[in-house]
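S.K.: Can you keep this structure in mind? I'll have questions shortly.
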Amino acid sequence: MTQMTFARAINSGLRKSLEDDPKVILMGEDIGTLGGVFRVTDGLQKDFGKHRVVDTPLAESAIVGTAVGLAYRGYRPVVEIQFDGFIYPAFDQIVSQVAKMHYRTLGTVKMPITIRVPFGGGIGSPEHHSESPEAYFTHTSGLRVVAVSNPQDAYTMIQQAIRCDDPVLFFEPKRRYHDKGDVDEGLHLPNALPMDTASVLTEGTDVTLVAYGPLVKTARDAATAAADEGISIEVIDLRSLAPVDYATVEKSVRKTGRLVITHEAGQSGGLGAEVAASITERCFYHLEAAPVRVTGFDVPYPYSKVEMHHLPGLDRILDGVDRALGQPNSLSGLEG
Amino acid sequence: MSTDETGQGGTTVGVAAGGTEDHHGSGRNLIQLITPEGERISHPEFDPWVKDIGDEQLCSLFEDLTVIRRIDVEATALQRQGELGLWPPLLGQEAAQVGSARALRSDDFIFSSYRENGVAYCRGVGPTDILRVWRGNASSGWDPYTVNMATPQIIIGAQTLHATGYAMGIQNDGADSVAVTYFGDGATSEGDVNEAMVFAASFQVPVVFFCSNNHWAISEPVRLQSHVQLADRAAGFGIPNLRVDGNDVLAVMAATRVALDRARHGGGPTFIEAVTYRMGPHTTADDPTRYRDANELEDWAAKDPIERVKALLDRKGLYTDQFQQHIREKADQVARELRAGCIGMPEPEPLDVFKHVYSSPNSWLDRQQDHYARYLASFGDPAEAASQEGAR
């Protein structure tokens, strides 16, 4: 076990992938000499060369579109979209090309492309630097979408994503880049939890609390705080957003009877809606209350002085837990 | 006809258009080796690139041009008869497709648009396979790796990036093959094509941008897309360009060979503008009489890519009765094969809809497939249930 930051863990996982497979190639803006704006790719170009770690011109559609061509030729490109809000120029290449190529070619052409996206808010950035665009991609067939929440997962899941023959959107919570955690760099990948499996972080009996990415830490803190009040929360880190591991969530909800889902992305059409609907379909008669969503608002990501109001914090999550439990909460007295 | 129109106005490499007249006119700065009247004219710079094309090869090119036109006519008829959902005719663009495709090596890789069915034919794709997508029986008519040609792209210009990425891979591998991408004049307005040229130039990768300027993007004329000759756009990216008479199969072949040779020897990308004309509609769904002048069509009919090779063969005494019979029989045979293959295509199975979305299991999709299979099974005969479902 080694203590390292989240960013360092991804770096280490990328390094391992570059060492293991000569077909792995990294591309993106500023990822070479600078080592990425968050230094996630620090030192990789120096060690693997300019043809394995490629500084590209500033053109997001091209970064993803050329990765399609490289995949056609048998490469496993890992591309970095510098910030969440910059992914939209590449949207067509991701949803119309990367996602559909395997289907379109009847399985003859594989698209093992990993698209790394630093996402989410809480770092005081200007607009376009703090978005949570994951639902656009969970809605698109052919893509796998994951969000990591801790250094160990970051280290293993980046390698799993790169080895996956399907395209993977790899969301990295940028406000957690500097958080430290234990990482077992000797972990044999086949022994690691599969990438599409959710993880139960704390066991509980009263409420199932589902989170992913940056809010996993907040959800765990909320569970700790709730425990002081005698409320037992089971926290689930989804890890995979498409597909969601419903078996794990379902098992938990059958036990607790109550479900709270939290994410930074806006509420409408978000992943929380999908989880709420799917769990309601699957275990309606086990639910004691309607599933509750604690999410960002349906607003453009706000300027930084008010972003803390938009981002679900510990207290807002606990208020949601109270709603699920039918205890006094901010909406008490409201019908519906 | 001006002097320039005969292709004798000198080399065209990197020459910008001058003057104020319509810069998209077919006249100026055009590489040409066979005139519309079928006269083989000399071009000191490009002649050496086709010096191996003797009588036999010329006859073979004529055969391909003719067969491809026949495929196109037959497919258009099949669409009109309700056998194909849609068809994008290439009528008039045969020389641009045959001349370029026949210049390629088998290990060169093609990323095309949906109109390059003639290119596919030259790569060895069977006529029936060309129709699969348009009949709606499959998303891909062929395995890209068996012919080194990607499944045709519908999104305008997206494939230029795929070719550029593939060329980056060729460069990394230290190979000497080339990625070739086909697109139309309208595509040059798309961001992806411009981004592809930025990447291709920055990394000096072996890619050939083959732009078939057929003058129309559905109903929008090329003058709406660009205020300069399309070939000149490449100069801004630092990419050498060639502007060729796209209805001249020999000139197209020569230009493509120049570009391929440059790419193979580390010279990076080349942009070719093949000036041609789409004689038919964009697809069988539109009506060109609503948006273009009949006179324009007439002017271009006089520059027909097949007629001029026929005239050249005739001048050379090669257009014999025996040769004509051979061509007719070949075209008839391909047309028969095409029609029979189209009508005899087996219907896909209902659960095929779920195949190949992912390369490994996906729990969401597996569940949906399982539920739909159960639903179909509840009818007894799944095929019948599916057809009823679709009819409702």
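S.K.: In 5 Å bins starting at 0, how do the alpha-carbon pair distances of segment B:165-277 split up by percent?
M.R.: 2, 13, 24, 24, 18, 12, 5, 1, 0
S.K.: Quick one: pull the percentage of alpha-carbon pairs in segment A:215-277 with a separation above 20 Å.
M.R.: Value for segment A:215-277: 29 percent of Cα pairs lie more than 20 Å apart.
S.K.: Further question: Given the options B:161, B:365, B:58, state which has the largest fluctuation in a GNM of chain B using a 10 Å cut-off (strictly under) for Cα springs.
M.R.: With Cα springs under 10 Å in chain B, the top fluctuation among B:161, B:365, B:58 is at B:365.
S.K.: May I pose another question? Tilt of helix A:271-283 relative to the longest C-alpha principal axis of chain A, in degrees (0 to 90, nearest 10)?
M.R.: Roughly 60 degrees, rounded to the nearest 10.
S.K.: Given the pairs A:16/A:180; A:16/A:46; A:23/A:174; A:174/A:255, which span a C-alpha to C-alpha distance of over 22 angstrom in this model?
M.R.: Checking Cα-Cα distances, A:23/A:174; A:174/A:255 exceed 22 Å.
S.K.: Report the label-to-label distance for residue A:180 and residue B:377 in nanometres (one decimal), using points 7 Å from each Cα along the Cα→Cβ vector.
M.R.: 5.6
S.K.: Set the Förster distance to 30 Å, then compute FRET efficiency between residue B:265 and residue A:50 from the Cβ-Cβ distance, nearest 0.05.
M.R.: FRET efficiency, residue B:265 to residue A:50: 0.90.
S.K.: Simple spin-label model, 7 Å along Cα-to-Cβ: residue A:33 to residue A:247 in nm?
M.R.: Label at residue A:33, label at residue A:247, 5.0 nm between them.
S.K.: Quick check: pseudo-label points 7 Å beyond the Cα along Cα→Cβ at residue A:225 and residue B:295, how many nm apart are they?
M.R.: 7.8
S.K.: Could you quote the convex hull projected area for the protein assembly as shown, Cα atoms only and averaged over all directions, in nm²?
M.R.: Reported value for the Cα convex hull: 36.0 nm².
S.K.: Turning to a different aspect of this structure: Report the semi-axes of the equivalent ellipsoid for chain B in whole Å, largest first, where each axis is √(5λ) for an eigenvalue λ of the Cα gyration tensor.
M.R.: They are 38, 26, 20 Å, listed largest first.
S.K.: Specify the angular offset, from 0 to 90 degrees and rounded to the nearest 10, of the alpha carbon long axis of helix A:246-256 from the longest principal axis of the alpha carbons in chain A.
M.R.: With both axes taken from Cα atoms, the answer is about 20 degrees.
S.K.: Right, another one. Take every Cα pair under 8 Å in segment B:239-340 that's 6+ residues apart, average their separations, divide by the length, and report that relative contact order as a whole percent.
M.R.: After rounding, I find 24 percent.
S.K.: Okay, next question. Accessible area per residue for the protein assembly as shown in Å², computed with a 1.4 Å probe and the full protein assembly in place, what is it?
M.R.: 39
S.K.: Let me ask something else about it. For segment B:272-341, take the alpha-carbon Rg, divide it by the Kirkwood Rh, and send me Rg/Rh.
M.R.: Ratio of gyration radius to Kirkwood radius for segment B:272-341: 1.08.
S.K.: Using alpha carbon centroids, what distance separates segment B:107-182 and segment A:208-224, in Å?
M.R.: Segment B:107-182 and segment A:208-224 have Cα centres spaced 47 Å from each other.
S.K.: Find the eigenvalues of the gyration tensor of the Cα atoms of chain A, then list the square roots of 5 times those eigenvalues as equivalent ellipsoid semi-axes, largest first, in whole angstrom.
M.R.: 34, 20, 19
S.K.: Cβ under 14 Å from residue B:188's Cβ, residue B:188 left aside: what net charge do those residues give with Lys, Arg +1 and Asp, Glu -1?
M.R.: So the surrounding residues net to -4.
S.K.: What percentages make up the Cα-Cα pair-distance distribution of segment A:73-185 when the bins are 10 Å wide from 0?
M.R.: Pairs per bin, as whole percents: 14, 44, 31, 10, 1.
S.K.: Among the GluC sites (Glu not before Pro) in segment A:1-99, which ones are in a DSSP loop with at most 16 other Cβ atoms within 10 Å of the Cβ? Mind listing them?
M.R.: Passing sites in segment A:1-99 do not exist.
S.K.: Provide the solvent-accessible area of residue B:122, counting protein heavy atoms only and rolling a 1.4 Å probe, rounded to the nearest 10 Å².
M.R.: 40
S.K.: Provide, in order from the shortest bin, the percent of all Cα-Cα pairs of segment A:209-336 in each 5 Å bin, continuing until the bin that contains the maximum pair distance.
M.R.: Here the calculated profile for segment A:209-336 is 2, 11, 21, 24, 22, 13, 5, 1, 0.
S.K.: Let me ask something else about it. Run the numbers on segment A:1-160 and let me know its relative contact order in percent, using alpha-carbon pairs under 8 Å that are six or more apart.
M.R.: Value for segment A:1-160: 25 percent.
S.K.: Which value does Rg/Rh take for segment B:223-295 over its C-alpha atoms, Rh per Kirkwood?
M.R.: My calculation of the ratio gives 1.08.
S.K.: Given the DSSP H assignment, sum -39500 (n - 2.57) over each helix run of at least 4 residues in the protein assembly as shown and divide by its residue total; what's the result at 222 nm in deg cm²/dmol, nearest 500?
M.R.: -12000 deg cm²/dmol
S.K.: On to the next question. Which whole DSSP H helices in chain B pass both tests: a Cα extent of 20 Å or more along the axis and a mean Kyte-Doolittle value no lower than 0.5?
M.R.: B:249-264
S.K.: Go through segment B:29-136 and name the GluC sites (Glu not before Pro) that are in a DSSP coil and have 16 or fewer other Cβ atoms within 10 Å of their Cβ.
M.R.: Here the GluC sites (Glu not before Pro) that fit, given the DSSP loop and packing criteria, are B:37, B:39, B:45.
S.K.: Using the Kirkwood radius over C-alpha pairs as Rh, can you work out the diffusion coefficient of segment B:233-366 via Stokes-Einstein at 4 °C, viscosity 1.567 mPa s, in µm² per second?
M.R.: My calculation gives 64 µm²/s for D.
S.K.: So for chain B, if I pair up every lysine 8 or more residues apart or on another chain, how many of those pairs have alpha-carbons under 21 Å apart?
M.R.: 4
S.K.: May I pose another question? Once you've got the GNM for chain B with C-alpha springs shorter than 10 Å, pick whichever of B:232, B:143, B:185 has the biggest mean-square fluctuation.
M.R.: B:143
S.K.: With a cap of 13 neighbouring Cβ atoms within 10 Å, and only residues DSSP puts in a loop, list the trypsin sites (Lys or Arg not before Pro) found in segment B:89-198.
M.R.: B:105
S.K.: Taking K and R as +1 and D and E as -1, what net charge do the other residues with C-beta under 14 Å from the C-beta of residue B:89 add up to?
M.R.: In short, -1.
S.K.: How big is segment B:324-382 on each of its three principal axes, counting only the C-alpha atoms and giving the largest first in Å?
M.R.: Between the extreme Cα coordinates on each principal axis of segment B:324-382 lie 59, 30, 8 Å.
S.K.: For residue A:288 and residue A:335, FRET efficiency with R0 = 30 Å and r from the beta-carbon atoms, rounded to 0.05?
M.R.: 0.95
S.K.: Helix A:314-325 versus the longest principal axis of chain A: what is the Cα-based angle in degrees, 0 to 90, to the nearest 10?
M.R.: Taking Cα atoms only, the helix is inclined about 50 degrees.
S.K.: Using only the alpha-carbon atoms, what does segment A:1-74 span along each of its principal axes? Please give whole angstrom values in decreasing order.
M.R.: Rounded to whole Å, the extents work out to 38, 25, 19 Å.
S.K.: Once you have the Kirkwood Rh of segment A:150-192 from its Cα pairs, apply Stokes-Einstein at 20 °C and 1.002 mPa s and quote D in µm²/s.
M.R.: Diffusion coefficient, whole number: 188 µm²/s.
S.K.: In addition: Measure off, as a whole percent, the carbon and sulfur share of the 1.4 Å-probe accessible area of chain B, all protein chains present.
M.R.: Percent of accessible area from carbon and sulfur atoms in chain B: 50.
S.K.: Can you check what the net charge comes to around residue B:266, using other residues whose Cβ is under 14 Å from the Cβ of residue B:266 (Lys, Arg +1; Asp, Glu -1)?
M.R.: Summing Lys/Arg as +1 and Asp/Glu as -1 gives -1.
S.K.: How high is the relative contact order of chain B, given as a whole-number percent (alpha carbon pairs under 8 Å, six or more residues apart)?
M.R.: With pairs under 8 Å counted, the relative contact order is 22 percent.
The values are calculated or read from the model by the stated rules, or taken from the named source; none is laboratory data. If you're wondering where the values come from, they're calculated on a predicted model, not measured in any experiment. FYI the Cβ positions are ideal-geometry reconstructions off the backbone, even for glycines, and counts take in every protein chain you see. Only protein heavy atoms, including side chains, enter the accessible area calculation; ligands, DNA and RNA are left aside. Shrake-Rupley method; radii C 1.70, N 1.55, O 1.52, S 1.80 Å.
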